Structure formats: structure tokens, C-alpha cells
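The values are calculated or read from the model by the stated rules, or taken from the named source; none is laboratory data. Given the structure is predicted, the values throughout are model-derived calculations rather than measurements. Using ideal geometry, Cβ is built from the backbone for each residue, glycine included, and neighbour counts are taken over all protein chains shown.
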Amino acid sequence: MAPFLVIHSISGWSGVAHPAPRMAGAGERRVVKSGKKRLMQLTMLIERCRDWLGRRRFSMACDLLLALAAQFIVLVPLLNFPYLRDILVLQGLTVTASLAALYRVQAHRQSWSRVSLSDVIALAIASAIVSVVVAAGTLALEYTLAASRILIGSFVMLLAGWVAPRLLLRLYAEWQHERANAGGPAPEAVLLYGAGPRAEQFIRFNAAHRRYRIAGILHEQAALVGRRIRGVEALGSLDTLDEQIEMLRARGIQPSRLIVTEDGERPDELRDALDISARSGLRLARLPSLLTLVEPGGVGDVVRDVSIQDILQREQVTLDDPAIPQTFAGKVVMVTGAGGSIGSELVRQIAAQAPARLVLVEFSEFNLYQIDLEMAQRFPRVARSLALCDIRDVASLRRVFERERPQLVLHAAALKHVPMLEDAPAQAILTNVFGTHNVARLASEHGVELCTLVSTDKAVNPTNVMGCTKRWAEIICQAYDPGADAAAGATRFSCVRFGNVLDSAGSVVPLFRRQIAERGPLTVTHPDITRYFMTIPEACLLILAASATVHRGGAEGGSVFVLDMGEPVKIMALAERMIQLHGLRPHVDVEIRVTGLRPGEKLFEELAHAEERLLPAPFPKGNIARARSCDQETLRMHLDRLREAVRLDSENAMLAELARLVPEFRCPRLQEQTPAIGLRGDHVAGDSALLSVQA
């Protein structure tokens, strides 16, 4: 019992948590009753010694006692000393050398219940030092023949004496931990893919947290089959997954996830793993960074399922452009549509560049509240101003410009839902055309250094109202840019054009996710429809890079920046991948239903018009399109005609006027013969004009 009590006492200062004691039966209580008092007294005595000495001193004292015991076991049989004096001298050397060596390797700072390989190595160094000192003392006492045996024996016994109690205490602590968690839910059974260092480190982390039952490791190294890595068996290659799962099921183990352990998997490799795991009914997951593993919450909270972003058919764009922080640091930056998917990410990325102040312009009260709350939590030191304002209302927007005096403007506010705007063209025109005109004109009037428009690939050869109004927005910004003859301090403009943004509000990915949760069907409008995709952070990074490029003079004002987005993705394939990511089989577990193209929808999107010449941008994966533009006088005439069409509430007239400035606009509802629109005298370009349209 005494060794158990010593371990129990040491575990108190080593941080081992003890579960509530199990209730014993009447017979067990009678057995332990007679010795209970003596055990409690011994425990209290050890506790008092520990408290009196202090935890580190108590640890050192235990190590010194263990060293004396180990040396006594070595010295007496080997030397058979006739004199007590020689034994005392060598034991004195043992204490002195042990004290110095243990202090040198910081053994008193070790946690006995969490002893590691580095701790054992440190103790081995201390054992070697003490053994050499004692062997030298043996030679000094003229025990020449025994010196070599004492050197080896002392090292072995000292190392065993110091390491064994620590290992026993670690085993005891792990047993206590398992006992405390015995009543909890069974850990999730998983398989690991990859046998590299990250797999080994994850197994070590999981051993401490016990959140998963690691059933085996899949890998491509035939030499490892049948071997164990930290107690986990290496099973075979990924191609043998079905066989391995059948074998595990025969043992009563049902894995639910395949966790990819390595960092460097390309999207095509992840897609292959996804195909194989989905056929076996497993969800595909991956490890986070090792820094995330040690954050509070445990490994069970941070292992994440592979996302659709991970399996895009291209490598995601990353930029490390010093011009970005140089452009935004210390500036007053206005973001319109600050609560939307793109606008809110722009706010986050700009906040990380240390701006002087952020001006958040948003028409949705809830969205503005959400982004303000997030900024207060994540970037409390970044000054910000809130403007609940509709960009259609030029008077309100003017007051915001006059009050805040922004130096940089990022214009992300827009209406973008294609089918909905086909039924409400006036709303698309008022926001995407006249709202953009308000922002561009006020930016120019108030001496803003740079105004950047967030555009879309639907502006290229548009077949819907939304795409055509965004092309109008591009032309407006290009018309307001002063060009190569710009005077000092003139406002420069740029446009950023990209494809569909994954997980943005109203996009296909959240729709598919909700449909999968309801077990389908997933709705795809056409089996051959394709789209370009990028992530929200990528899109916003491109916007910042384009803004910085124009701001520092690396590109002409009015340029349209286009991201090299790789190959377009079939929406049908995207639906199938998302079903597989949930561990289900497409067309078997979840139906995919083709519904037909919606009004204004294209089979494929384009990033540039045939007449637009693409030039490389000064940052990776970027291009600059030399787009057609018009002068401000011509633009003003078109705006007046479009404003009159909105006032008349004539859909055909609105579509016809949209097509006058964007002749490539193709809309089936657009009649070939459209009556001319006469401009009323009170509808001139100005603040009152837009207000009369809204009325």
C-alpha cells in the first residue's frame, strides 16, 4: 500500500485529477476498515512533508532518496566493503553529484505524471554524470577492479530508479483519466490517411484527450503494413479501404470518418480520397495546424471535415504584397455593403491593415449590427463609424461623405440575385446603376484617393438584368476616372471582376448544404451548366491587391482586374462532391434533380469580352482587361434616358435603354422595336433627379 500512497501523494502536485470514489459494498468496507486509519495517517504525513518542503523541493528529495537506494544496491554486492566509512563517502558523492546533475537538467521542474522522452533523456544525462563521479570516487578509494562495474551498474540503476516511478505515475494518471471518462459517450471511430509526422503527433494529442478511437492508419508505404505507430496499426493503402472497413466491422469497429493527416495534398488528391471514402460511407476530414491542436477545446473540436473549398479544381490564390498594408494603413476607408458576404470580409481584411478608421455603410440594419458586433470583438482597437444608409439616397450618402471624409472607398453594395432581378429590373437599375453613380460622383467630388468597384463575371456578354447593370456600373467608374491626364489629387477608379463566390449569401453552396441536410433532392438547372468559383477571402484579397496596384500607380485608372480562376466547375459535379463530403452517395442516397435553366441564366460564364485585351497584372493569378468605356457626357445622356424609363415603369423601355449602352446584352424579353423615350425637362443628372425616380 505504501508505494500506492506515495504515487497518490505525488500525483496531487503533478496535476492528476481524481474521479469521485466508487461506492464499495458492505464486504469491501469491512476488509479495508482495519487498515484505513493507518493509511490515512501515512498519507497525511507525506502530504505534510510535501507542503513543508515545497513541490519542487519534494520532487528533488524523492529523486535523492531514489539515488541513494539505487547506489546502495550497486555498491554493496560489488565491493562488499569492510568499512562503513567508504560506503558513506561514496553515498555522499552520490548525493552531491545527484543534486548538481538533477538541478542542471531541471528534473525538479518535471511533471511526474506527464513524463516524456525528453524528460527521460535529461534523467539519462544526470545518471551518466553521477555514475562518472561515483566511479571516480571508487578509483580514489583504490577499488580499481570494481570501478568499471560500478560505472555501468550505477548508470543503469540510477536511470531505472528515476524513470520507473515516473512511468508508474504516468500509467496511474492515464488509468485515472480513463476511469473518470468511462461513463461518457464512446469515442468516434476514425481512420487516418497518411503515416507522416503529423499523424504521429495527432495520435499523441489524441492519447491525452481521448476524443477519437483511431482504428488504423492507411498509407501508401507497403513496408509499413502490419507495423504499429504509437500503438495504432498501419493497415494498407487507400485503395484497400473497403477491405479494411470490412475487417474492422468484423471486429466490431465502425469508423465514420477518414482523416487526412498531411498538409500538402493537392485538390486532385483530395478528390480521389473523397471518391474512395464516399463509396465506403465515410466522411472525409483533415487535421488543422499543429498550433490549433494545442488551443483550448481539445483535438475533438478542431478536426474539421474537408470543405468544398479544399477540392476546387485549382490552387487557391495567396498574396504577400507589401503594397496592401502600405495602401490601407492609416487611411479612412469606406466600405459600402459592409454587412454582406464580400463587404464583411473586406472589412475584416482591411481592419488587419491598421486603418485610421473604417466607415461601414450598410442598408440592412441587422447586417450592420452583425459586422459591428464582430468588429468590436475581433478588432476593438480599430476605430469605426456606422452609416445606416441606402446608396440610392444620394442626399443621405452625401452627408456620410461630408461627415466621414473617406480617403479610400470600396463599393461592394449591390443587388445580385439573377432570377429575382429578372422580375424586378427597376430595383436592379436603381441600386446597381444609380447607386453606383452616386458613390462614384460623390467620391470624385470629395477628393477620395481611390474608389474600387466590386463587379462580376456576369457583366461579360450579359444575358440577364443583373449582369447588364453591373456592366453599367463598370462603365460609370471608368467614365469618372480622369485617365492618363489626371491632375494631382484626382480620384482614381478601378473595377474587380470575378466569378461565383463560394458560401456567399444566396449562392448555390448554402442551398446544396440545406438540401443535403433534408436528404434532397438537390436541384441543378442544367446537367452541363458551369461556373467559375473562388472563395470569399480570395475575392477580397484580389480587391485589395487591385486597389493597391492602382493606388501606387502600377496600373492605369479605370482598369478592370480579372482573376485567373482556372477551369470552370460543372454544377452537377459540385453537387456530387458536396453529397460525398457528407459521407453519402450521389444519385443513390441523395437525388439530384435537373429543373431547367432559369430566366436570364447562362450555361457558362466568361471573364472577359472578346474585344477586351487581357494583360498580366503585377500580382500572381491576376489580369487586367482593357474594357470599352465612354465619356461622362455620353454617360449622362444614357443615365437620363434610363432614369426616364424607370419613371415610366416600362420594363421593355428599361431593357432597351440598358442595351443601348451595353449592345452585347441579350435578353429574350427585349422587343426589337422599342419606342423612343422622350426626356422630361426636370429629369437631369443631379440629386433631385434620382429622388424623383424613387418617389
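Based on this model, can you work out whether ALA539 counts as touching a Gly at 6+ places or on another chain (Cβ under 8 Å) and either touching a residue at least 40 places away in the same chain (Cβ under 8 Å) or outside the structural domain of LEU346 (by TED's automatic domain parsing) (or both)?
On the way: touching a Gly at 6+ places or on another chain (Cβ under 8 Å): no; either touching a residue at least 40 places away in the same chain (Cβ under 8 Å) or outside the structural domain of LEU346 (by TED's automatic domain parsing) (or both): yes.
Considered against the rule, which asks whether it is touching a Gly at 6+ places or on another chain (Cβ under 8 Å) and either touching a residue at least 40 places away in the same chain (Cβ under 8 Å) or outside the structural domain of LEU346 (by TED's automatic domain parsing) (or both), ALA539 comes out as no.
Considering segment 346-362, the residues that are modelled with pLDDT under 95 and of a type in the set (A, V, I, L, M, F, W, C) include one that is nearest to the chain's Cα centre (by Cα), namely ALA352. Among the residues of segment 542-583, the ones that are more than 17 Å from LEU408 (Cα to Cα), free of Cβ contacts under 8 Å to residues at least 24 places away in the same chain and of a type outside the set (A, V, I, L, M) come to 1 in all. Here ARG170 meets each of (1) under 46 Å from the mean Cα position of the chain (by Cα); (2) of a type in the set (Lys, Arg); (3) under 22 Å from VAL89 (Cα atoms) with one exception, condition (3). When you check ALA140 against the structure, is it exposed (fewer than 14 other Cβ atoms within 10 Å of the Cβ) and within 22 Å of ASP86 (Cα to Cα), yes or no? Criteria met by ALA140.
Got at least one residue in segment 514-537 being surrounded by 22 or more Cβ atoms within 10 Å (Cβ to Cβ), outside any strand (DSSP E or B), at pLDDT below 85 and touching a strand residue (DSSP E or B) at 6+ places or on another chain (Cβ under 8 Å)? No, segment 514-537 contains no residue that is surrounded by 22 or more Cβ atoms within 10 Å (Cβ to Cβ), outside any strand (DSSP E or B), at pLDDT below 85 and touching a strand residue (DSSP E or B) at 6+ places or on another chain (Cβ under 8 Å).
Please tell me if PRO510 is without any contact (Cβ under 8 Å) to a residue 24 or more places away in the chain, assigned by TED's automatic domain parsing to the domain that holds ARG403 and not acidic (Asp, Glu).
Values: without any contact (Cβ under 8 Å) to a residue 24 or more places away in the chain: yes; assigned by TED's automatic domain parsing to the domain that holds ARG403: yes; not acidic (Asp, Glu): yes.
When the stated conditions are applied, PRO510 passes them.
Determine whether segment 613-630 contains at least one residue that is among the small types (Gly, Ala, Ser), farther than 24 Å from GLY499 by Cα, touching a residue at least 60 places away in the same chain (Cβ under 8 Å) and crowded, with 16+ Cβ neighbours inside 10 Å. Checked against the condition, which is being among the small types (Gly, Ala, Ser), farther than 24 Å from GLY499 by Cα, touching a residue at least 60 places away in the same chain (Cβ under 8 Å) and crowded, with 16+ Cβ neighbours inside 10 Å, segment 613-630 yields no hits at all.
In segment 112-121, which residues are surrounded by 18 or more Cβ atoms within 10 Å (Cβ to Cβ) and outside any helix (DSSP H, G or I)? If you could, list the steps in order and put the result at the bottom.
Step one: of segment 112-121, the residues surrounded by 18 or more Cβ atoms within 10 Å (Cβ to Cβ) are 112-113, 115, 119.
Selection gives VAL115 alone.
Could we say that GLU576 is in contact with a Pro (Cβ under 7 Å, 6 or more places away or on another chain), farther than 30 Å from ILE476 by Cβ and of a type in the set (Asp, Glu) here? Full working, then the answer.
Details: in contact with a Pro (Cβ under 7 Å, 6 or more places away or on another chain): yes; farther than 30 Å from ILE476 by Cβ: yes; of a type in the set (Asp, Glu): yes.
Against the criterion (in contact with a Pro (Cβ under 7 Å, 6 or more places away or on another chain), farther than 30 Å from ILE476 by Cβ and of a type in the set (Asp, Glu)), GLU576 qualifies.
Select from segment 232-253 the residues that are over 30 Å from VAL569 (Cα atoms) and surrounded by 14 or more Cβ atoms within 10 Å (Cβ to Cβ) and list them in ascending order. Outline the logic, then answer.
At the first step, the residues of segment 232-253 found to be over 30 Å from VAL569 (Cα atoms) are 232-236, 243-253.
VAL232, GLU233, ALA234, LEU235, GLY236, GLN244, ILE245, MET247, LEU248, ILE253, listed by residue number.
Consider HIS582 carefully, then state whether it is within 18 Å of PRO267 (Cα to Cα), in contact with a helix residue (DSSP H, G or I) (Cβ under 6 Å, 6 or more places away or on another chain) and assigned by TED's automatic domain parsing to the domain that holds ASN623. Yes: the conditions hold for HIS582.
Here the condition is being at pLDDT 95 or above and in contact with a His (Cβ under 8 Å, 6 or more places away or on another chain); of ARG405, ARG399, ARG392, ARG384, it holds for ARG405 alone. Among residues of segment 400-419 that are of a type in the set (Phe, Trp, Tyr), those with a Cβ under 7 angstrom from a residue that is assigned to a helix (DSSP H, G or I), sequence gap 6+ or separate chain, pair up as PHE401/LEU442. Within segment 598-622, the set of residues being out of contact with any Phe, Trp or Tyr (no Cβ under 7 Å at 6 or more places or on another chain) and part of a strand (DSSP E or B) comprises ARG613, LEU614, LEU615, PRO616.
Of all residues in segment 546-563, those satisfying the criterion of being part of a helix (DSSP H, G or I) and either closer than 22 Å to GLU606 by Cβ or out of contact with any strand residue (DSSP E or B) (no Cβ under 7 Å at 6 or more places or on another chain) (or both) are ALA546, ALA548, THR549.
Got a number for residues in segment 216-228 being assigned to a strand (DSSP E or B) and over 28 Å from the mean Cα position of the chain (by Cα)? First the steps, then the outcome.
Keep residues of segment 216-228 that are assigned to a strand (DSSP E or B), which gives 216-218, 228.
Imposing the further condition that a residue be over 28 Å from the mean Cα position of the chain (by Cα) reduces the set to 228.
Number of matching residues: 1.
For segment 344-381, a tally of residues being closer than 20 Å to LEU542 by Cβ and touching a helix residue (DSSP H, G or I) at 6+ places or on another chain (Cβ under 8 Å) returns 11.
Sub-8 Å Cβ pairs linking a first residue in segment 158-170 that is modelled with pLDDT under 85 to a second residue that is surrounded by fewer than 17 Cβ atoms within 10 Å (Cβ to Cβ), at least 6 apart or interchain, are ARG170/ARG114, ordered by first then second residue.
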